[in-house]
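First comes the structure, then the notes that go with it.
Just so it is clear, none of the values below were taken in a lab; they were calculated from the coordinates. What you see is a predicted model; the values in this text were computed from it and never measured. Neighbour counts run over all protein chains shown; Cβ positions are idealised from the backbone, glycine included.
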Amino acid sequence: MPTDTLKEKTVRGLSFGLLNNGAMQVLNLVFGIVLANILRPEEYGLAGELAIFSNIAAALQEGGFISALTNRRHASRLDFVSVFWFNVGVSLAIYVLLWFAAPLIAQAFGEPELLWLSRYAFVGFVIASLSITPRAILFRRLKVKEQTVISVVALLSSGLVGIAMALSGMSYWSIVTQSIIYVGIVALLSWRFARFRPTSRFSWQPIREMFGFSFKIVLTNVFNCINRSIFVPILGYYYTKLEVGIYTQADKWNTMGSQLVTGVVQGVSQPMFVQVGDDPERLRRAFRKMLRFTALVAFPAMLGLALVAPQLILVTVGTKWLPSANIMRMLCLAGAFMPVAALYFNFLISRGRSAVYMWNIMAQGLILTLLLCAVQALHWSVSLFGHTLSGIPLMVALFVATHILWIFLWHYFAWREIRLPLLAALLDLLPFLLCALLSMALAWWASTPVDSPLAVLLIRIPVAAATYALLLYLSGAQIFREALSYLRRKS
């Protein structure tokens, strides 16, 4: 593939990726606020108790075949058809198991309503399996525009149905139905845009050839689901529901921000690196350019979110959630570096290093869990910048430090592939980090005479954005100038 064609597709993918993830986060926020005002917390909780089963089943169902098909240089139609029928079969088997497990799930939570609610919710796994192969085709071809349309239409349609059902008194059934409609529309539109039509042919050979790679991906995905789900139960074991709720509110805002950038990186990086080929020099250039783009967007977005955390919470959800602001600020530091980590492990996946990805994620999760438990068992506390951290703040600080320091380990494995020096990677990241920090400092100083939370927001956000853009322009940042050039050309 010609370099300019790949470059144009990558830039277009990044642009639509930003649009897609931005629209998704906004719609999620709007629908979440509306449903939260209609439904009771107990109704949310009942559907939320199924989340860990849904996440693990979804990870098992996908099986890493989207990544495996993307990495397959000369994938045939038989490969896609075989993966399609394999995923449908696995999904049906998982649904049968969960159908018979539903009474145990209801008994474990002490909620009889979960018996039929879970059986209804798990139908979504079977429907979602129909979209895996078409989504792999779109992902492999860098069809980010089409993926944007699919995601926005599916979320908008399912959200409106969920609100209508909630208003009509359908309670927790509205939340589950919203999820099922979402995966159903994704499946329909994925088939439409991918132009995928399965035949009756099936072969075990491509499944066997891709299974070693995809199995490691699915194990990692399952471990990630458990790792994400286990943090709140650990907090719940040691702390009150109020304290856990404060952490959850902070984490919700951080996740929305970091996913905006991480989703863009993950939607483009792996297929782009696969299409670049095996030339180490070309891979180094492509990786460094993606690294600079990630830093260009991630650092100002997440440090800016940390800057306005108290005011944002006061304006949107009120004073009762203000204690979550400091935790949110700490989480945003990790959120600023999570897209960088996502770029590294997507690069490693594109090189077929699913085992490296698996062991790193598993080791990171185990070490973090042991640290969190040790903090509480030994009642540790530390002094940082004149403040004593203990309890949840210390646990969050360990979470942040672990995720940031782990990037150096990700870099080591990337260095083994393309011999990119650590200093070169730091030089790609640090200018954007410094510009973002200077911009936030100036925005904070400009708003010091103001007391109103809304006025502070209206001052800090435009001042930080304008200062950041000016600093990049004056410093001659090439990736920033390329982005401006692309926007002018499109307009």
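Is the range 426-491 rounded, prolate or oblate when judged by the Cα gyration tensor, a ≥ b ≥ c being the square roots of its eigenvalues, rounded requiring a/c under 1.5 and prolate requiring a/b larger than b/c? It would help to have the intermediate numbers written out before the result.
Working: a/c = 3.47, a/b = 1.67, b/c = 2.08.
It is oblate, given that a/c is not under 1.5 and a/b is not larger than b/c.
Set the Förster radius R0 to 22 Å, insert the Cβ-Cβ distance between ILE404 and ARG285 as r into 1/(1 + (r/R0)^6), and round the FRET efficiency to 0.05.
Calculated transfer efficiency: 0.30.
Work out, step by step, the length gained on full extension between LEU474 and THR319: first 0.36 nm times the residue separation, then minus their alpha carbon distance; give nm to one decimal.
Net length gain for the segment: 51.8 nm.
Can you tell me which of 411-424, 149-162 comes out highest on packing, and rank the rest after it, using the mean Cβ neighbours within 10 Å?
In descending order of packing, they fall as 149-162, 411-424.
If each residue of separation counts as 0.36 nm, what is the full-extension length gain between LEU92 and PHE202 once their alpha-carbon separation is subtracted?
Details: separation 110, 0.36 × 110 = 39.60 nm, distance 1.69 nm.
Net length gain for the segment: 37.9 nm.
Using θ = phi - 60° and the Karplus relation 6.51 cos²θ - 1.76 cosθ + 1.60, list the HN-Hα couplings for the range 180-187 in order, rounded to whole Hz, with x at every Gly or Pro.
5, 5, 4, 5, x, 5, 4, 5
Taking 45 Å as R0, compute the FRET efficiency from the Cβ-Cβ separation of LEU156 and ALA377 and round it to 0.05.
With R0 = 45 Å, the Cβ-Cβ based efficiency is 0.45.
Lysine pairs in the range 240-491 with alpha-carbon atoms under 28 Å apart, 8 or more places apart or on different chains: how many are there?
Count of close lysine pairs: 4.
Measuring from label point to label point, each 7 Å out along Cα→Cβ, what is the LEU454 to LEU78 span in nm?
Between LEU454 and LEU78, the label points sit 6.6 nm apart.
Between TYR120 and ALA465, what's the calculated FRET efficiency when r is the beta-carbon distance and R0 is 30 Å? Round to 0.05.
So the FRET efficiency works out to roughly 0.10.
Packing-wise, with mean Cβ within 10 Å as the measure, how do 298-308, 467-477, 84-94 rank, highest first?
Highest mean packing first, the order is 298-308, 84-94, 467-477.
Running Debye on the range 74-202 with equal point scatterers at the Cα sites and no solvent, what base-10 log of I(q)/I(0) appears at q = 0.12 Å⁻¹?
So the normalised log intensities are -0.56.
For the range 267-345, state what percent of all Cα-Cα pairs lands in each successive 5 Å bin, counting from 0 Å until the bin that includes the largest distance.
3, 15, 19, 16, 12, 10, 9, 7, 5, 3, 1, 0
If you consider only alpha-carbon coordinates, what radius of gyration and Dmax does the range 240-491 have, in Å?
Every Cα atom of the range 240-491 included, Rg and Dmax give 19.4, 59 Å.
List TRP191, TRP204 from most exposed to least, where exposure is judged by having the fewest other Cβ atoms within 10 Å. List each step's numbers first, then the result.
Details: TRP191 18, TRP204 10.
By the 10 Å Cβ count, ascending, the order reads TRP204, TRP191.
Residues in the range 286-313, backbone N under 15 Å from the label point at LEU422 (7 Å along the Cα-to-beta-carbon vector): list them, ranges by number please.
The answer is none, because no backbone nitrogen lies closer than 15 Å to the label point.
Would you mind putting 132-144, 348-360 in packing order, based on average other-beta-carbon counts within 10 Å, highest first?
Descending mean neighbour count gives 132-144, 348-360.
Tell me, in nm to one decimal, what length is gained between LEU27 and ALA108 on full extension, where the rule is 0.36 nm per residue of separation less the Cα-Cα distance?
Taking 0.36 nm per residue and subtracting the Cα distance, the gain is 25.8 nm.
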